[in-house]
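Report on the following structure.
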Amino acid sequence: MNTKLAPVALAFVAFGLFPLAGGAYEIDLATKIMILAIFALSLELLVGQTGLVCFGHAAFFGIGAYTVTLLTPMSGPVSLWLALPASVGAAALYALPVGALSLRTKGVYFIMITLAFAQMAYFVFHDTPLGGGSDGIYLDFRPDPAIGGWQPFDLSEGHTLYYAVLASLVLVFGLLAVMLRSRFGRALAGIRVNEQRMRAAGFPTYGYKLAAFVLSAALAGLAGFLYALKDGYVNPELLSWHHSGAVLLMIILGGLGHLRGAMLGALAFTLLQEAFQSQALVGDFAQHWQLPLGLTIIAFVALMPKGLIGLALRRGRQ
Amino acid sequence: MDLATFLIQCLNAVQYGLLLFLVASGLTLIFGIMGVINLAHGSFYMIGAYMAYALAPAVEQHLGGGFFATLAVGVALSVALGYLLEWLFFSYLYEREHLQQVLMTYGLILVFEELRSLIVGNDVHGVAMPEWLSGTVPLGEVMTYPVYRLFISAVCVAVALAMWLVLARTRLGMRIRAGATNREMVRAMGVDIRLLYRIVFAIGVALAALAGMIAAPVSSVYPNMGGQVLIICFVVVVIGGIGSIKGALVAALLVGFVDTFGKVLFPSLAGLSVYLLMAAMLLWKPEGLFRAG
């Protein structure tokens with residue numbers, strides 16, 4: 001337990017101290033990594049812990065991002081205490097019928113259906129006036145955390161957003177770590193290994209899976225909410241299936257079945273993408289960054305199915 | 001909606017449905033027989049469409065042209081591509097989990113999209129249809145219907161019939177069906193299962209590419225066309241029942257009608273109607289209309 005948690009705690013501390021050393025670009029990148037780590041953790045709950053391969057997770061991320069943007073008026077910020085629950089809630093609300101329907105099926109069906117429903121959400125934002133079309137919409141003001149007249153912090157100031165994201169990541173990690181050790185988490189692990197047996201043992205597995213699905217979507221909505229705050233801009237690409245594929249890749253890259261793996265994968269994926277997109281490193285080829293990324297994915301799946309954690313664990317045992 | 005409009009929309013629905021069937025049948029064939037979920041299947045459709053655009057001038061120059069010559073060259077190239085891809089990538093995926101299949105084929109999509117962007121760029125291109133297919137036929141007193149759309153339907157029906165004949169009546173079809181049911185037994189009977197899979201995969205690729213080629217004059221060619229068709233094909237396969245060619249046909253026609261009439265009757269729901277259909281079918285028959293096996 002300690003050997004597992006120590007690197008995570010170290011990483012959190014490192015991220016906490018990072019603003020002392022990093023410039024604006026590095027801090028923005030670190031913020032992005034932490035947000036994607038929350039997103040990856042949310043999917044790890046489904047794929048790694050429950051064994052449900054969801055290929056439409058970007059929909060929940062995007063809904064979270066769009067909700068705060070749509071709630072913010074042109075003239076000024078919206079209250080954080082309205083926007084945050086609304087964003088997380090909207091993602092969970094969409095996940096309820098989608099999960100209820102998709103979970104009637106299994107395996108490949110589940111993969112295809114979650115992808116199709118995510119695409120449906122994509123079309124809603126892409127094709128209707130609601131989402132501003134493919135151009136997306138700007139979020140001009142970050143939500144205001146004032147309660148009454150009291151202003152506990154200001155998200156548009158200095159590194160406040162950075163620390164808010166870090167705090168969210170620590171909370172989400174803590175929540176999942178505790179939850180996976182609870183009866184609920186054990187039941188999910190049981191479903192992953194052998195659902196038939198769990199049902200025979202008297203567990204209402206459908207209900208457990210649906211609860212995991214909705215919770216996972218809510219956390220993805222939180223990640224989307226933070227992403228909109230960071231960029232100040234949302235567009236339909238946040239819901240696209242490329243984004244769903246990317247987050248799936250993160251958890252595999254890091255190592256499926258470990259919360260640490262999801263975070264490690266978010267870090268590795270973002271840095272990899274950043275390198276392939278870097279004009280300085282690869283010159284004009286940077287605009288074709290998806291080509292090396294695609295080849296990396298193929299090589300990775302072929303050679304390292306257990307992910308980076310698997311590599312570390314194997315080395316540790318030797 | 002008057003009768004002529006209704007008829008035209010019906011013909012459009014059938015044409016769209018048959019075209020979807022052509023793509024979806026390849027997807028479901030590959031899954032049903034080899035157990036591989038191939039996200040890159042939409043890319044083959046895209047590649048076909050771009051071949052219709054890029055090959056025509058070369059074929060014109062070297063082979064003396066002709067629409068069918070272009071189609072034939074395109075199909076031959078896509079068979080070769082399928083054969084090569086199976087050998088290079090997909091043969092490693094048979095024993096893997098769905099998750100890894102999804103990821104590797106997702107990686108392939110990125111590669112195909114970027115290669116397309118490198119080779120032909122990101123512009124939208126129109127594709128000319130052959131002159132003798134570019135006319136219209138009268139339908140009622142004032143309406144007309146484009147011949148080319150009838151041609152698309154005819155090609156799809158012909159291919160569907162050919163596929164049914166091969167699967168039901170030939171030795172190759174018998175082996176394919178047997179290979180889907182019991183791989184080990186087929187191998188024990190002395191059939192080269194590797195070669196069989198390679199052939200099935202190449203056929204699947206060619207079906208999608210052919211669909212892309214004949215659709216190109218109507219839909220034009222544009223980036224992301226593969227992704228769009230892939231997701232609709234997933235809807236078709238979910239409704240029809242995975243692995244079932246018959247299910248794919250029925251579901252594709254159903255999706256064709258719902259999409260076409262959805263756009264006419266409820267324009268505000270245009271993009272959603274197909275997904276609502278899928279949701280309804282999941283409530284009614286979560287296992288699909290004709291689940292194979």
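The values are calculated or read from the model by the stated rules, or taken from the named source; none is laboratory data. The structure displayed is predicted, hence computed values, not measured ones. A quick note on method: Cβ atoms are made from the backbone with ideal geometry, for glycine too, and the neighbour counts reach across all protein chains shown. Quick note on the areas: whole protein, heavy atoms, side chains included, nothing else; ligands and nucleic acids left out. Shrake-Rupley method; radii C 1.70, N 1.55, O 1.52, S 1.80 Å.
Sort A:243-254, A:184-195, A:265-276 by packing, meaning the average of other beta carbons within 10 Å per residue, with the highest value first.
A:243-254, A:265-276, A:184-195
For chain A, what is the Kirkwood estimate of the hydrodynamic radius, computed as the reciprocal of the mean inverse distance between distinct Cα atoms, to one decimal in Å?
20.2 Å
Here is the link list: B:263/B:285; A:209/B:285; A:4/A:230. Which ones come out longer than 23 Å on Cα distance?
B:263/B:285; A:4/A:230
Rounded to whole Å and sorted largest first, what semi-axes of the equivalent ellipsoid does the C-alpha gyration tensor of chain B yield via the square root of 5 times each eigenvalue?
30, 24, 19
How big, on average over all directions, is the shadow cast by the Cα convex hull of segment B:215-259, in nm²?
3.4 nm²
About the Cα centre, and with charges only on the beta carbon of Lys, Arg (+1) and Asp, Glu (-1), how big is the dipole of the protein assembly as shown? Nearest 20 debye, please.
Here the size comes out at about 2820 debye.
Computed over the Cα atoms of segment B:109-267, what is the ratio Rg over Rh, Rh following Kirkwood?
When Rh is taken as the Kirkwood radius, the ratio is 1.03.
Does segment B:5-135 come out rounded, prolate or oblate, given a ≥ b ≥ c as the square roots of the eigenvalues of its C-alpha gyration tensor, rounded meaning a/c under 1.5 and, failing that, prolate meaning a/b above b/c?
Here segment B:5-135 falls in the oblate category.
Among A:143, A:107, A:82, flag the residue with its Cα farthest along the positive direction of the charge dipole of chain A, charges on Cβ as +1 for Lys/Arg and -1 for Asp/Glu.
Result: A:107.
Would you list the P(r) distribution for the protein assembly as shown, with all Cα-Cα distances sorted into 20 Å bins from 0 and each bin expressed as a whole %?
19, 52, 26, 4, 0
Could you give the accessible area per residue of segment A:126-210, probe 1.4 Å, as a whole number in Å²?
It amounts to 58 Å² per residue over segment A:126-210.
Between B:144, A:227, B:35, whose Cα lies farthest towards the positive end of the dipole of the protein assembly as shown when Lys and Arg beta carbons carry +1 and Asp and Glu beta carbons carry -1, centred on the Cα centre?
B:35
Calculate the spin-label point distance for residue A:299 paired with residue A:10, positioning each point 7 Å from the Cα along the beta-carbon direction, and give it in nanometres.
Between residue A:10 and residue A:299, the label points sit 2.7 nm apart.
Considering only C-alpha atoms, what is the centroid distance from segment A:1-75 to segment B:196-228, in Å?
Cα centres, segment A:1-75 to segment B:196-228: 37 Å.
Which value, in debye to the nearest 20, describes the size of the charge dipole of chain A about its Cα centre when Lys and Arg Cβ atoms bear +1, Asp and Glu Cβ atoms bear -1, and nothing else is charged?
1920 debye
Let a ≥ b ≥ c be the square roots of the eigenvalues of the Cα gyration tensor of segment B:193-293; is it rounded (a/c under 1.5), or, if not, prolate (a/b larger than b/c) or oblate?
oblate
Over all alpha-carbon pairs in segment A:87-235, figure out the percentage whose distance exceeds 27 Å.
39 percent
Once you charge only the Cβ atoms, +1 for Lys and Arg and -1 for Asp and Glu, what is the size of the charge dipole of segment B:41-198 about its Cα centre, to the nearest 20 debye?
Using only the charged Cβ atoms, the result is roughly 760 debye.
Distance from the Cα centre of segment B:103-129 to that of segment A:208-251, in angstrom?
26 Å
Using a 1.4 angstrom probe on heavy atoms only, work out the carbon and sulfur share of the accessible area of chain A in %.
So the carbon and sulfur contribution to the accessible surface is 65 percent.
Along Cα→Cβ, 7 Å out, is where each label goes; now give me the distance between the ones at residue B:95 and residue A:29 in nm to one decimal.
4.0 nm
Among A:152, A:172, A:133, whose Cα sits farthest toward the positive end of the charge dipole of chain A (+1 at Cβ of Lys/Arg, -1 at Cβ of Asp/Glu, about the Cα centre)?
Going by the Cα projections, it comes out as A:172.
Excluding ligands, DNA and RNA, what is the solvent-accessible area per residue of segment B:168-274 at a probe of 1.4 Å, expressed in Å²?
I get 39 Å² per residue for segment B:168-274.
So between residue B:270 and residue B:2, what do we pick up on full extension, going 0.36 nm a residue minus the alpha carbon distance?
94.4 nm
By the gyration tensor of its Cα atoms, with a ≥ b ≥ c the square roots of the eigenvalues, what is the shape of segment B:28-95: rounded for a/c under 1.5, prolate for a/b over b/c, or oblate?
Note, shape of segment B:28-95 comes out prolate.
Can you give the accessible area buried between chains A and B, summed over both chains, with a 1.4 Å probe, in Å² to the nearest 100?
Answer for the A-B pair: about 3800 Å² buried.
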